[in-house]
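Written below as structure tokens is the structure these notes are about.
Computed from the coordinates by the stated procedures, all read-outs in this text should not be read as laboratory data. For clarity, every value in this text was computed on a predicted model and none was experimentally measured. Positions of Cβ are backbone-derived with ideal geometry, glycine not excepted, and every protein chain shown enters the neighbour counts.
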């Protein structure tokens, strides 16, 4: 869902979210007039807030109360209205460099120390996974034409583990009603291309293949194979079993959002007993941006698939050894959190760990 906001609407949404994050109290037009130099009357602000409510960005918890941001309102705020805090990024970089002793501490102690720093500076629950030993390399890839217009992708690693995926034959090849021997020859050529470019590389790296080097006459296979190889890479990058280090629970549970005991218990149970459910979420999006820095994933409220997290936001990124993601780092807090700071802290910590492990 997309929404187009005028500059005035953006300013009022920004101020409303910012004020609610700071106070945890529903926001009225009078508070915005007093606290922010918006250059508008209280009546104008009320009118704009009403339009933002109709658009699903704000809502009233009670008829006589002010407005609070919805999950959608937070999403627009994060995506369009803020930039990560350089100050917060420098704080976490300085703290990690000055307090962690790489030459003296064990790996587990180092990551525990990093998690504590992250929790303290973000005011959230910090989550860091132990690094995975990514050693599996591709030995062979084969594409086989089978019945019913399907292709079987088979990948074999250096440890002789086999991974497979079933793919539809591209529509133009189906419609052409080619002789099966022609398709088999084409698939062999594409298999040769994949082997020449991917043999000896890890499964986590195969999504970075440059498809432009494949001959133009075989490009119709690229989109189908690209999706399947990326899925193969994702399945391999999410660890089956690993420890998640958790810090900062006592601090974040003092927030008013966690005043009900049952809600606290469900989150603690998730963190202590159901960590395997968390792994696919915090190990998501292993890509980096154009500058080679870690890309941050932000899941807000109802965007989280796990019920105990529906009132929370999860901000996460992967840390890497070279170009390969080996672990993840994140913070979990109420949807009413300092996104500018939290996003910057997670990104800076992920980049610091990536440099250290590389």
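Side notes on the structure shown:
- Of the residues making up region 44-51, at least one is under 19 Å from residue 24 (Cβ atoms) and in contact with a strand residue (DSSP E or B) (Cβ under 7 Å, 6 or more places away or on another chain).
- Index of the failed condition, residue 74 passing every other in (1) in contact (Cβ under 8 Å) with a residue 60 or more places away in the chain; (2) within 15 Å of residue 346 (Cβ to Cβ): (2)
- Qualifying residue in region 34-55 (condition: under 25 Å from residue 302 (Cα atoms) and in a loop (DSSP other than H, G, I, E, B)): yes
- A count restricted to region 151-162 and to residues that are buried (at least 17 other Cβ atoms within 10 Å of the Cβ) and farther than 16 Å from residue 220 by Cα stands at 2.
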